[in-house]
Each structure stands twice: as structure tokens, then as C-alpha cells.
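Notes follow once the structure below has been shown.
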Amino acid sequence: MLELHLQEHRLTPGLVLLESTIADAFRVSRAPVQMALRRLHDEGRIQRFEGRGYVVPGPPGKPLVPVRANPTLAGLDVTLTRENPEEVARGSGNRIAAETQRAIEAAGPFGRFRLSETLMAAHFNVSRTVVRDVLGRMHERGLITKDERSHWLVGPLTDAGLRDMYEARIILEPSALRRAAATLDRAALARMLERVEAARAQLPRVEPALMEQIDHDLHVDCVQNIPNRYLADLIQRTQASLTASHMLTRYLEWGIESGSITEHALVFEALLQGATEAAAAALKTHLERSLDRALTQLKVISVIPLPAMPKYFVPSPP
């Protein structure tokens with residue numbers, strides 16, 4: 001839907017697009033909005049700027065002034081839809097994929113589940129063809145598996161699986177940060193460090209949303225700020241461990257260790273000083289220690305009740 005607004009030049013040039021405000025406007029979760037904004041940026045339809053979020057581009061050659069306004073007052077029509085059924089289906093598929101991926105990452109630590117195509121189609125009010133296409137793409141990316149009866153399966157996230165994901169992150173993320181370091185905006189980095197200090201002041205009960213934003217600052221806005229989208233996609237796939245950790249922290253009402261806050265601060269401080277190798281080394285140390293913390297969280301899962309899951313997640317014996 002955002003794509004259609006941009007194609008028809010319905011949005012005010014310079015309008016700042018934030019995940020939170022767009023999600024609120026369309027009454028959806030932030031996950032599909034994040035995916036849509038990243039894709040539109042990759043396609044050159046929206047731009048990054050010094051502040052947080054993205055901006056709607058204006059006429060070439062004219063200076064662009066960021067406009068921080070209510071999106072619905074700046075041209076966003078939440079009732080606007082595509083007339084082409086194929087476009088509608090593709091848009092639905094992207095939304096379903098984003099929401100389902102988030103649910104998959106949250107469910108993994110709690111065991112093994114089967115994804116019911118019938119229940120999923122009813123949940124999202126789409127055809128099973130759309131659901132099957134979404135699940136097929138997820139299977140290709142390794143997010144879900146299939147059993148001998150062609151059932152779509154999720155989880156379980158095991159110690160070994162967690163170690164594998166972190167091993168990949170330890171290899172990929174510091175390398176990506178080295179490539180991204182020169183392109184990162186100093187003012188944005190300073191704001192990231194301010195958020196870390198705000199979290200330090202809240203220890204040990206840091207607001208989950210603040211901690212999730214800090215992790216997003218580092219592992220998405222910094223690490224994935226690279227032109228190699230194939231590498232960025234690989235990194236994003238390994239970060240299912242990060243989403244699971246956030247979910248467990250919220251569910252278990254777990255306090256945040258001061259060491260984690262210090263580790264984030266060291267990375268941002270090194271980036272601000274232009275010390276790229278020091279930042280990469282600090283990130284590597286942070287990931288190694290995060291693995292130990294994540295393994296501790298995973299051990300607790302066996303003694304706590306299963307949280308509420310979407311109805312299309314059917315418990316499946318190992």
C-alpha cells in the first residue's frame with residue numbers, strides 16, 4: 001500500500017516515515033512495516049536521512065526538508081487499495097510472511113509446532129494458495145522444515161541450534177560492521193549511545209521496548225547498513241536468536257545484565273571515535289557473551305508454561 005502511495009506521489013516530499021507511526025496508521029504490527037520500508041529503501045523509493053526512519057524523496061536537485069507530521073495529514077490514505085488482484089495477493093503475502101516469521105521466532109524456544117495451512121488461511125482471511133506460497137518461501141530460506149507427510153514444521157530451538165546461529169553471527173556481524181562503519185552517521189550514533197545510557201539508568205529493569213530498540217540500533221541499523229543485500233539477508237536470518245531472546249525477556253520478566261549494556265556502549269563509543277577494528281572486536285565479544293546469556297534463558301524454558309501462540313501453531317511431538 002505504501003508502494004502505491006509513492007507511485008502516485010500521494011505523500012508529502014520529505015515526510016518522515018517511522019515504523020511506529022505507519023504501523024499505528026494501518027493497525028498492523030511493526031514487523032511487516034519494517035520489512036516494507038526496508039524493501040522500498042532497497043528499491044530506491046524512499047531515502048535514509050540523518051534522523052531516525054526514512055523520508056519520502058522529492059524532485060531531483062531540490063533540497064529536502066524532513067517533515068515530521070501525522071502521516072494521514074500528509075497524504076497517507078489507509079483505505080487506498082490496489083485494483084490488481086495479483087498486487088493485492090502479493091501485498092497480503094508480504095504482510096503474512098512478516099507476521100508469521102515473528103511468531104515462528106517466538107515459538108521456536110518452546111518446542112516443535114506444525115503450521116496448519118487451513119487455520120492460517122482462516123486467521124489471515126486469505127486463500128490457502130497465498131498461505132502455501134508464503135510458507136514455501138520460508139522453507140526456501142530455512143525458517144521452517146517439512147516432515148515426511150509434507151507438514152510445515154517450526155522448531156524446536158535447541159542448544160545446538162542456538163550455538164550454530166551465534167557462530168554464524170560471530171563470523172558475519174563484525175565483518176559487516178567493518179564495511180558499514182564509514183557510512184554511519186555520527187549524530188545517529190550519538191543518539192544510539194544516549195539510548196544505551198538511558199537503559200543503564202534503568203538497570204536492572206530496563207523497559208523491553210528500549211532494550212529492543214538498542215539491539216535494533218546495533219544489529220540492524222549499524223550492522224546491516226551495507227550495500228550487499230545478500231549478506232544483510234544472511235545476517236537477518238541468523239538473528240532469529242535475537243528475537244527469541246527479546247520474547248523470553250518479556251515473558252520471563254527477566255532483568256538486563258549491566259554487562260550487556262556496557263558491551264553495547266563500547267561498540268557505539270568505538271564507532272564514534274572512528275576505531276572500526278575496536279568496534280568490530282567489541283561486537284564479537286558482545287555476541288560471544290550474549291550466547292552464554294541466551295543458553296541460560298533457554299534452560300529455563302523447560303520449567304515454565306507455554307505462552308499463548310497463534311491458533312495456526314499446532315503442537316507437534318518430536
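Residue-wise test of (1) in contact with a Ser or Thr (Cβ under 7 Å, 6 or more places away or on another chain); (2) closer than 30 Å to T262 by Cα; (3) at pLDDT below 95.
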site	(1), (2), (3)
L135	no, no, yes
E140	no, no, yes
S150	no, no, yes
L162	yes, yes, yes
L177	no, yes, no
A188	no, yes, yes
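With respect to (1) crowded, with 16+ Cβ neighbours inside 10 Å; (2) of a type outside the set (V, I, T); (3) out of contact with any helix residue (DSSP H, G or I) (no Cβ under 8 Å at 6 or more places or on another chain); (4) over 30 Å from R39 (Cα atoms), the lone exception for E253 is condition (1).
Within the stretch 201-215, at least one residue is more than 24 Å from E277 (Cα to Cα), surrounded by fewer than 16 Cβ atoms within 10 Å (Cβ to Cβ), touching an Asp or Glu at 6+ places or on another chain (Cβ under 8 Å) and not acidic (D, E). In the stretch 1-21, of all residues being at pLDDT below 80 and not in a loop (DSSP other than H, G, I, E, B), the one that is nearest to Q224 (Cα to Cα) corresponds to S20. Between a first residue in the stretch 117-144 that is in contact (Cβ under 8 Å) with a residue 60 or more places away in the chain and a second residue that is hydroxyl-bearing (S, T, Y) and part of a helix (DSSP H, G or I), which pairs have beta carbons less than 8 Å apart while being 6 or more apart in sequence or on different chains? Hits for this filter: M120/T100. Going by what's in this entry, would L135 be described as part of a helix (DSSP H, G or I) and in contact with an Asp or Glu (Cβ under 9 Å, 6 or more places away or on another chain)? For L135, the condition - part of a helix (DSSP H, G or I) and in contact with an Asp or Glu (Cβ under 9 Å, 6 or more places away or on another chain) - is met. Restricting the search to the stretch 275-293, which residues are free of Cβ contacts under 8 Å to residues at least 24 places away in the same chain and farther than 18 Å from D164 by Cβ? Matches in the stretch 275-293: A275, A278, A282, T285.
Got at least one residue in the stretch 260-273 being modelled with pLDDT under 90, in a helix (DSSP H, G or I) and not charged (D, E, K, R)?
The first filter runs over the stretch 260-273 and keeps only residues modelled with pLDDT under 90, leaving none.
Among the residues of the stretch 260-273, not one is modelled with pLDDT under 90, in a helix (DSSP H, G or I) and not charged (D, E, K, R), which makes the answer no.
Looking across A308, A265, A294, one residue alone is of a type in the set (A, V, I, L, M, F, W, C) and touching a Ser or Thr at 6+ places or on another chain (Cβ under 6 Å). It is A294.
Give A160, A122 a once-over and let me know the one that is assigned to a helix (DSSP H, G or I) and within 24 Å of the chain's Cα centre (by Cα). Even if it seems obvious, please write down each step before you answer.
On the way: A122 fails: within 24 Å of the chain's Cα centre (by Cα).
After applying the criteria, what remains is A160.
Just one of (1) touching a residue at least 40 places away in the same chain (Cβ under 8 Å); (2) under 21 Å from A103 (Cβ atoms) fails for C222. It is (2). Is there a residue being under 22 Å from E173 (Cα atoms), under 22 Å from the mean Cα position of the chain (by Cα) and not assigned by TED's automatic domain parsing to the domain that holds E148 anywhere in the stretch 305-312? No, the stretch 305-312 contains no residue that is under 22 Å from E173 (Cα atoms), under 22 Å from the mean Cα position of the chain (by Cα) and not assigned by TED's automatic domain parsing to the domain that holds E148.
Among all positions in the stretch 133-146, there is at least one residue which is of a type in the set (V, I, T), crowded, with 19+ Cβ neighbours inside 10 Å and closer than 17 Å to P315 by Cα.
Within the stretch 22-66, being small (G, A, S), at pLDDT 75 or above and assigned to a loop (DSSP other than H, G, I, E, B) holds for G44, G53, G58. When the stretch 294-318 is limited to residues that are touching a residue at least 24 places away in the same chain (Cβ under 8 Å) and of a type in the set (S, T, Y), the one that is surrounded by the most Cβ atoms within 10 Å (Cβ to Cβ) turns out to be Y312.
The values are calculated or read from the model by the stated rules, or taken from the named source; none is laboratory data. Computed from a predicted model, the values in this text were never measured in an experiment. Heads up, the Cβs are rebuilt from the backbone with ideal geometry, glycines too, and the neighbour counts pull from every protein chain shown.
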